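Engineer: Just passing along the structure, written as structure tokens.
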There are 4 protein chains.
Amino acid sequence: MTPKTFKFPFRVAWVDTDAAQVVHFSNYFKFFEKIEEEFYRHLGFNFNYFVERGMWLPRVEAFCQYKKPAKFNDLLEGELIVEELREKSVKYHFKIFNKETATLIAEGYVVAVTADKNTGRAVQIPKYFLEKLKPYCKRL
Amino acid sequence: MTPKTFKFPFRVAWVDTDAAQVVHFSNYFKFFEKIEEEFYRHLGFNFNYFVERGMWLPRVEAFCQYKKPAKFNDLLEGELIVEELREKSVKYHFKIFNKETATLIAEGYVVAVTADKNTGRAVQIPKYFLEKLKPYCKRL
Amino acid sequence: MTPKTFKFPFRVAWVDTDAAQVVHFSNYFKFFEKIEEEFYRHLGFNFNYFVERGMWLPRVEAFCQYKKPAKFNDLLEGELIVEELREKSVKYHFKIFNKETATLIAEGYVVAVTADKNTGRAVQIPKYFLEKLKPYCKRL
Amino acid sequence: MTPKTFKFPFRVAWVDTDAAQVVHFSNYFKFFEKIEEEFYRHLGFNFNYFVERGMWLPRVEAFCQYKKPAKFNDLLEGELIVEELREKSVKYHFKIFNKETATLIAEGYVVAVTADKNTGRAVQIPKYFLEKLKPYCKRL
């Protein structure tokens, strides 16, 4: 079955840019996280689900390839799929397009681990969360 | 007695700039906070003193006047004085100079309250902290 | 005539928070700017109008009062009115509410000047821009 | 010949942290950039060398692995080596240590291209810059 893709459009803010008059490279990781947050919202879910269980979702890896610059006021669209679901981690793959020109701007991924906030140790992904992610997952 | 002034030099980073090729206005508040942190370090003190006592230092007011733009790589110097010490709050006044041209770039203040982290209520400034601040204070 | 108020709802992102588990005080200035950008968008207008004319809108003053903390995932709503329109500057007044509890979170203002990008000097607000702002203006 | 390593110590600022009370993952990319800027400063060089030649150094790839969390006020130390020097690009490899415990906190890289600001095309690394980088380079 083809996995579902979550899409989220947003505008480049002035504060996202730097003196090269394009989006600063570090801000794409904020975009990735924003898309992840909106994805959870779309699933009827948020980080607080973890917080209440004494868990969190620390990132263990983050990567981005920059294809084209994005400028202030550009209308972008983020796409998220679940690249990989493992016992204790999830890998999200992101694409950022310029929505008006349909050009790929940046592409990357983030690996997050479900962890116990007190011990710092990785724990199993809660079943409730897992079930929500599955329809968006490429490889199960 | 003339109050002491705490000075801290720093460079404008690329990420501090925006598409106007100057430091984004919101970043001056980060500079103010950085100067405050270095001031505490200079006093042999840090925020963790508060954290350990279940306290924190929430900001209740922040203000900045922008005089001249600052650019990437500019060497700036922050100056801090304690503008006002009240029973439960402290007002820091900041000036940011271009260190090479001795030009005033920005000037402003931050009012912080000593508060109980659990109740959220303002509490008296701990005497230990108060004594450290006094030599830098304009009005006691 | 009662001035119009521009309203813009948004969510607190994880990256907006700090170790006190509330929105970092400097981020309210980013919120103010985001609201201003969405206001321009609502008016069918953006900063590029200025860029194309060799102009920009540097900030000369910024102020914020913090009333209540905002947390990750809170649904906030920004309100903008034009507090004052002068020959070469505009003062925006902002209120940020928690949209779910209707509590005032923060309130402040930003004064921006219409300036020539090359000379750095203040210039008259373009009539086109002025007309768009008037319906939102408290004092003309 | 063993390549030289550039080292730069710095403190975690309050604004670097998020509600998990650790440094936000996106900020490591700001740290990488800060280390790169200080490296250039150490070499007697800065981005303005490029700006004056109508060039810039856009990032084409960025990666980070997160090993241990870093907290507010931690004293970190960044290490930079030149992982790879190609005709038109340079790959910097970074390690971030907790300087007090000598623990590896994060590790990653950034690939930057020397490009013409107007055409957006990659151009040869200027010889002057290349010579400065060589002593820090693992593979020539």
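Every number here is computed from the coordinates shown, using simple stated rules; none is lab data. Predicted, not measured: the structure shown is a model, and the values here were computed from it. Heads up, the Cβs are rebuilt from the backbone with ideal geometry, glycines too, and the neighbour counts pull from every protein chain shown.
Engineer: Under the rule of at least 5 residues apart or a separate chain, name every residue whose amide H is placed under 5 Å from the amide H of residue A:74.
Structural biologist: So residue A:74 has HN proximity to A:12.
Engineer: Could I ask something else about it? Roughly how crowded by other chains is peptide D:31-43, in terms of the mean Cβ count from those chains within 10 Å of each of its Cβ atoms?
Structural biologist: 2
Engineer: So, one more: For q = 0.23, 0.25 Å⁻¹, what log10 I(q)/I(0) does the stretch D:22-103 give under the Debye formula with an equal point scatterer on each alpha carbon and no solvent?
Structural biologist: Debye output, listed in q order: -1.25, -1.40.
Engineer: Mind listing the phi-derived Karplus ³J(HN,Hα) values for the stretch B:114-125, rounded to whole Hz, using 6.51, -1.76 and 1.60 with θ = phi - 60°, and x for any glycine or proline?
Structural biologist: Coupling constants for the stretch B:114-125: 7, 10, 7, 5, 6, 7, x, 8, 5, 10, 4, 4 Hz.
Engineer: So how tilted is helix D:27-42 from the main axis of chain D? Cα-based, degrees 0 to 90, rounded to 10.
Structural biologist: Taking Cα atoms only, the helix is inclined about 50 degrees.
Engineer: Okay, moving on. Which value does Rg/Rh take for the protein assembly as shown over its C-alpha atoms, Rh per Kirkwood?
Structural biologist: With Rg and the Kirkwood Rh in hand, the quotient comes to 0.95.
Engineer: Using the Karplus equation 6.51 cos²θ - 1.76 cosθ + 1.60 (θ = phi - 60°), what ³J(HN,Hα) coupling, rounded to whole Hz, does each residue of the stretch B:127-133 give in order, writing x for Gly and Pro?
Structural biologist: 4, 4, 6, 4, 4, 5, 6
Engineer: So, counting K/R as plus one and D/E as minus one, what does the shell of residues with Cβ under 12 Å around residue D:74 add up to?
Structural biologist: +1
Engineer: Go ahead and estimate [θ] at 222 nm for chain B from helices alone: -39,500 (n - 2.57) per DSSP H run with n ≥ 4, summed, over the residue count, rounded to 500.
Structural biologist: Mean residue ellipticity, 222 nm, calculated: -5500 deg cm²/dmol.
Engineer: Once you list every other residue whose beta carbon is under 11 Å from the beta carbon of residue C:20, what net charge do they have if Lys and Arg are +1 and Asp and Glu are -1?
Structural biologist: Its environment carries a net charge of +1.
Engineer: Suppose a student asked you for the relative contact order of the stretch D:6-136, using Cα pairs under 8 Å spaced at least 6 residues apart; what percent would you report?
Structural biologist: 28
Engineer: Per residue and in cubic angstrom, what volume does the convex hull of the Cα atoms of the stretch A:3-59 have?
Structural biologist: Enclosed volume per residue, from the Cα hull, is 126 Å³.
Engineer: To check my understanding: the extent here is largest minus smallest coordinate of the Cα atoms along each principal axis. What are those three numbers for chain A, in Å, largest first?
Structural biologist: Taking the Cα atoms of chain A, the three principal extents are 43, 36, 24 Å.
Engineer: Roughly how crowded by other chains is peptide D:64-76, in terms of the mean Cβ count from those chains within 10 Å of each of its Cβ atoms?
Structural biologist: Neighbouring Cβ atoms belonging to other protein chains average 3 per residue here.
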